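Colleague: Let me begin by handing over the structure; questions about it come next.
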Amino acid sequence: PLNERLALQRAEYVKQRLLAERKDLATIISTKGYGSSEALVATGKGDIRLGPATSVERVDLATGMGDIQVRDAQVQEIDVGTGMGGIDFLDCKLGDVSGSSGMGKVRFKRTEYERSDVSSGWGGVQGD
């Protein structure tokens, strides 16, 4: 599909930029375009919001200090992580959920999931 072709073109562009700086990486960098079937979002300090989303196969969300909110999403496999922020799942249908929050709360509100392996160091995990 179009999204996968565009994702591959973006990945190839990034690869070429990296190789322009570091030719020694040529043997270890490969590219693949996932399009909308998989998403990866990472941020150092900012918050991450996902949704409303149609059906997505896999999502990885990570932030050092911000909060993560997944709202009205359908995701087969999701991995979330934040060092200091909270993680909220609101009105979601999820498959496998994994991840952790070091200091914030993890909350499931009106959310269905098949399997959950989510933890919080200080804030605890809540669900309804």
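Colleague: Kindly write out, for region 94-104 in residue order, the coupling ³J(HN,Hα) from the Karplus curve 6.51 cos²θ - 1.76 cosθ + 1.60 (θ = phi - 60°), rounded to whole Hz, with x marking Gly and Pro.
Modeller: 10, x, 8, 10, 9, x, 7, 10, x, 10, x
Colleague: Here is a further query. For an R0 of 22 angstrom, estimate the FRET efficiency from the Cβ-Cβ distance between residue 65 and residue 14 and round to the nearest 0.05.
Modeller: My answer for the efficiency is 0.30.
Colleague: Just tell me which lysines come within less than 20 Å, Cα to Cα, of residue 32; anything on the same chain fewer than 8 places away is out.
Modeller: 15, 23
Colleague: Between the helical axis of 2-21 and the dominant principal axis of the chain, each derived from Cα atoms, what acute angle in degrees is found, rounded to the nearest 10?
Modeller: 60 degrees
Colleague: Return the aspartates and glutamates within reach of residue 105: Cα separation strictly under 18 angstrom, same-chain partners fewer than 8 residues apart disregarded; answer none if there are no such residues.
Modeller: 47, 67, 79, 88, 91, 117, 128
Colleague: Still on this structure: Under 18 Å between alpha carbons, and skipping anything fewer than 8 positions from residue 93 in its own chain: which lysines qualify?
Modeller: Output for residue 93: 109.
Colleague: Defining a contact as two alpha carbons under 8 Å apart and six or more residues distant in sequence, what relative contact order in percent does the chain show? Present the calculation step by step, with values, prior to reporting the outcome.
Modeller: Details: 328 pairs, mean separation 19.2, N = 128.
Worked out over the chain, it gives 15 percent.
Colleague: Give me the percent of accessible area attributable to carbon and sulfur for the chain, probe 1.4 angstrom. Don't jump to the answer; show the numbers that get you there.
Modeller: Details: 3960 of 8050 Å².
On the chain, the fraction of accessible area on carbon and sulfur atoms equals 49 percent.
Colleague: Express in nm, to one decimal, how much length is gained between residue 27 and residue 91 on full extension, taking 0.36 nm for each residue of separation and deducting their alpha carbon distance. Please report the intermediate quantities before stating the final value.
Modeller: Working: separation 64, 0.36 × 64 = 23.04 nm, distance 4.35 nm.
Contour length minus Cα-Cα distance gives 18.7 nm.
Colleague: Let me ask something additional. How high is the FRET efficiency from residue 3 to residue 122, r the C-beta distance, R0 35 Å, rounded to 0.05? Walk me through the numbers on the way to the answer.
Modeller: On the way: r = 39 Å, r/R0 = 1.11.
According to the calculation, E is roughly 0.35.
Colleague: Can you give the longest run of the chain that contains no chymotrypsin sites (Phe, Trp or Tyr not before Pro) sitting in a DSSP loop with at most 15 other Cβ atoms inside 10 Å?
Modeller: 35-121
Colleague: Cα-Cα pairs above 19 Å in the chain: how many percent?
Modeller: 54 percent
The values are calculated or read from the model by the stated rules, or taken from the named source; none is laboratory data. Please read these numbers as outputs of a predicted model, since none were measured by experiment. Reconstructed Cβ throughout: ideal geometry from the backbone, glycine too, with neighbour counts over all protein chains shown. These area figures cover heavy atoms from the full protein model, side chains too; ligands, DNA and RNA do not enter into them. Shrake-Rupley method; radii C 1.70, N 1.55, O 1.52, S 1.80 Å.
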